[in-house]
Each structure stands twice: as C-alpha cells, then as structure tokens.
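First comes the structure, then the notes that go with it.
The values are calculated or read from the model by the stated rules, or taken from the named source; none is laboratory data. Since the model is a prediction, treat every value here as computed from it, not as a measurement. Neighbour counts run over all protein chains shown; Cβ positions are idealised from the backbone, glycine included. Ligands, DNA and RNA are stripped out before the accessible areas are found, and what is left, the full protein with its side chains, is counted by its heavy atoms. Shrake-Rupley method; radii C 1.70, N 1.55, O 1.52, S 1.80 Å.
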Amino acid sequence: QVQLVESGGGLVQAGGSLRLSCAASGRTFTNYAMGWFRQAPGKEREFVAIINWTGDTTYYTDSVKGRFTISRDNAKNMVYLQMNSLKPEDTAVYYCAVSLRPYSTYASDLGSWGQGTQVTVSS
C-alpha cells in the first residue's frame, strides 16, 4: 500500500521561502510521476506541479511558474517542492501525490494522496 508523508510546511512572511518534502513508501515509484496539489480554505483542491519518473520533465500551474520548483530523488523515494517568493494566496494545505499509471505525466492520473502539510503566508 502506498504511503506518502509530507513535511516542511509552516508559517512564513510574504516573500519568504519554504521547502516541502514528501517521503514515499510501499512500492517502487521510479516509473511513476509525482506531484503536488494544494487546497485553500473554502476552495477546491488544485494542481500545483508534476514531475515525471526521470525528473527531467516538469509542469506547473501558471500561478506558481518561476517561483516554485519540483524535484525528486528516486534513490530516496522523495519528492520536493521548493517555494520561493511566497504570497498570501499560496496559503493552503499542500498534498503530495503519485501517479496511478506508470509513464504518465497527466495531472489527472495523480492519486494516492498524503495527509498534507499546512503552509501559511502572512502579509
């Protein structure tokens, strides 16, 4: 059974940075894309970023392009989200997810959610 555990969230001032980590276990992830979603209070969960199985292809939602960077370490079964120039509108619970289909980079194939980590950006 897949287990995803996020960490690294916290309270930061606008303009600051945070690095989220996600530890994956339960099976091999080397052939599966991984990604990040977020959910702000009163809003639906939204896609943030995805990285393919080799780590050389990434996609981002427009609102975070140029500020967030997704990366992965397959040897450690880890995926990361470096968040710079944070804005109050980035405040949300951030969730890690792994693709349910091998060799897919579609965000719609991401599932197997973690429990989330809270990111709060103060103005």
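Checking every one of the GluC sites (Glu not before Pro) in the range 22-123 against DSSP loop status and a limit of 12 other Cβ atoms within 10 Å picks out E44. Bin width 5 Å, origin at 0, all Cα-Cα pairs of the range 1-52: what percent of pairs per bin? Calculated over all Cα pairs of the range 1-52, the distribution is 5, 14, 20, 26, 21, 9, 6, 1 percent.
At 1.4 Å probe size, with every protein chain present, just tell me what the per residue accessible area of the chain comes to in Å².
Working: 6200 Å² over 123 residues.
Using a 1.4 Å probe on heavy atoms only, each residue of the chain averages 50 Å².
Give the residue list of trypsin sites (Lys or Arg not before Pro) in the range 38-112 that are DSSP loop and have at most 16 other beta-carbon atoms within 10 angstrom. Hits after loop and neighbour filter: K43, R45, K65, R67, K76.
Per atom type, the chain shows carbon and sulfur on 47% of its accessible surface, probed at 1.4 Å.
Of S108, S122, S99, the order by accessible heavy-atom surface (1.4 Å probe, DNA, RNA and ligands excluded), from most exposed downward, is S108, S122, S99. Over every Cα atom in the chain, the radius of gyration and the widest Cα-Cα span, Dmax, amount to 13.4, 41 Å. What is the magnitude of the charge dipole of the range 1-117 about its Cα centre, with +1 placed on the Cβ of each Lys and Arg, -1 on the Cβ of each Asp and Glu, and no other charges, expressed in debye to the nearest 20? Value, rounded to 20: 120 debye. Antiparallel as a % of all DSSP beta bridges within the chain, to the nearest 5? So the antiparallel bridges in the chain amount to around 90 percent.
Simple spin-label estimate for K87 and R45 gives 2.4 nm between the two label positions (7 Å along the Cα-to-Cβ direction from each Cα).
Suppose R0 equals 30 Å; then what is the FRET efficiency for Y106 and Q13 from their Cβ-Cβ distance, rounded to the nearest 0.05?
On the way: r = 35 Å, r/R0 = 1.17.
According to the calculation, E is roughly 0.30.
Accessible area of Y32 (1.4 Å probe, protein heavy atoms only, ligands and nucleic acids ignored): about 40 Å².
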